[in-house]
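For reference, the structure is listed below as structure tokens.
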Amino acid sequence: MGVARLIKSFQNDNIIHSVCSISSNTPLKELLPEGIDFYSLGINGRSYSAFVPLFRLLKSNKIDVAHVNNLAPWFDVALASRFAGCKCVETFHGIEEKTRTFPVSRRLILKIAFALTNRITAVSSSTRDRLEELSGIKKNRITIITNGVDTNLFKPVSSDAQKEELRLALKLPAKGFLVGCVGALRPVKDHEGLLKAFAVLKARTGDLVSTESYLVLVGDGPLVPELRAMSNQLKIQDRVLFMGRRDDVEKILRVTDVFVLNSKTEGMSYAILEAMSSGIPIVATDVGANRELIRQGVEGYLYTPGDLEGLVNYLLTLIDDKSLVAKMGGAARNKIVENYSFEGMVSAYERLYREVAAKG
């Protein structure tokens, strides 16, 4: 989504984008603007020769700058770029592993990739520091370009009446307290823990009709059958709404009351940025860049991963205080508008591309 939105925002005809997926997994193709060339190499799993077709692709298309995201494809892209005579930019978003450092062999590969790369960026201070820990690359060699969000697309509702009307249009409960979560249904996001916490929340608010709560899960992934079965076992299936993969996330966020992210690890979460821009408070694990985005008790609450009791208590606090929800949501929106605009991110990447391409 980040790649697709970045490309859509480039209006300069002097910068032409093409997109390549090394694997055969190509959902990104459907998100790109019409006319953007998309390539899939069909390489699934580790390949020690992926740089060969990449080199051919970069060379035949006369690419000036190859921008690679995250670590797995970095070495292949950096090596292919060097042979193809183009520049390489690496952006690190974070990893899902809890490892604080890599084995010597992997660090060596990253050091070689670094030597072949023209510029390295990270999406936050915490991800920059994490890359230094993992690879040994000094953080003063890593430029921070924070993720940005379209504040015109992701914006708050103007009134309770509009919220209720939009909920009905989305086939969501018109009344009640909606807890939203946007993210792939994969183990690292710990939806299992979220379901357990929500079961406790439901039990504690069961007698309060005015605060009837629902959990709205947006996203798809391998854990869907397991999570559906778990919601049945916990007897919360009537309150957990599996929305699947959506192209109207901005509308769903607009009508939720609080956003929860129970991840075990994170880089800088687009989901949190978009929720904050939508004017809703955040309750999230204290991992990755979450602590850069959320000040405790201001834009929301942070808790230690696995502390489900803390998660429940923070949600109860918000359910019991509608004015606090509004206050935190307003602070969240202001922080995004002032510090994480999409326009700022696009301008930073455009400057980066031009600087790198101009160097001999």
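Data table
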quantity: Rough spin-label spacing in nm, given labels placed 7 Å along Cα→Cβ, for D320 and I15; calculated: 4.9
quantity: Loop sites in the range 320-360: trypsin sites (Lys or Arg not before Pro), DSSP, at most 13 other Cβ within 10 Å; calculated: K359
quantity: Sites E133 and K155, calculated FRET efficiency, Cβ-Cβ separation with R0 45 Å, nearest 0.05; calculated: 0.75
quantity: Paramagnetic reach from A169 in the range 317-342 [backbone N under 16 Å; point 7 Å along Cα→Cβ]; calculated: none
quantity: Residue-span extension gain [R354 to Y48] - 0.36 nm each, minus C-alpha spacing; calculated: 107.1 nm
quantity: Low-density loop positions, trypsin sites (Lys or Arg not before Pro), the range 210-316 - DSSP coil, at most 11 other Cβ in 10 Å; calculated: K235
quantity: Mean Cβ neighbour count within 10 Å, used as a protection proxy, ranking 190-203, 146-159 highest first; calculated: 190-203, 146-159
quantity: Pairwise FRET efficiency - E338 versus K62, Cβ, R0 = 41 Å, nearest 0.05; calculated: 0.55
quantity: Linear extension gain, S125 paired with M1, 0.36 nm per residue minus alpha-carbon span; calculated: 42.5 nm
quantity: Relative pair counts by distance (%), Cα atoms of the chain, 10 Å bins; calculated: 5, 23, 32, 23, 13, 4, 0
quantity: For the chain: relative contact order, % (alpha-carbon pairs under 8 angstrom, 6 or more apart); calculated: 15
quantity: In the range 100-170, the trypsin sites (Lys or Arg not before Pro) that fall in loop regions by DSSP, at most 16 other Cβ within 10 Å; calculated: R100, K138
quantity: At R0 = 22 Å, FRET efficiency that the Cβ-Cβ distance of R186 and E212 yields, to 0.05; calculated: 0.15
quantity: Charge dipole magnitude, Cβ of K and R +1, D and E -1 - the chain, Cα centre, debye nearest 20; calculated: 1040
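Every number here is computed from the coordinates shown, using simple stated rules; none is lab data. Remember, predicted model here, so these are calculated numbers, not experimental data. Neighbour counts run over all protein chains shown; Cβ positions are idealised from the backbone, glycine included.
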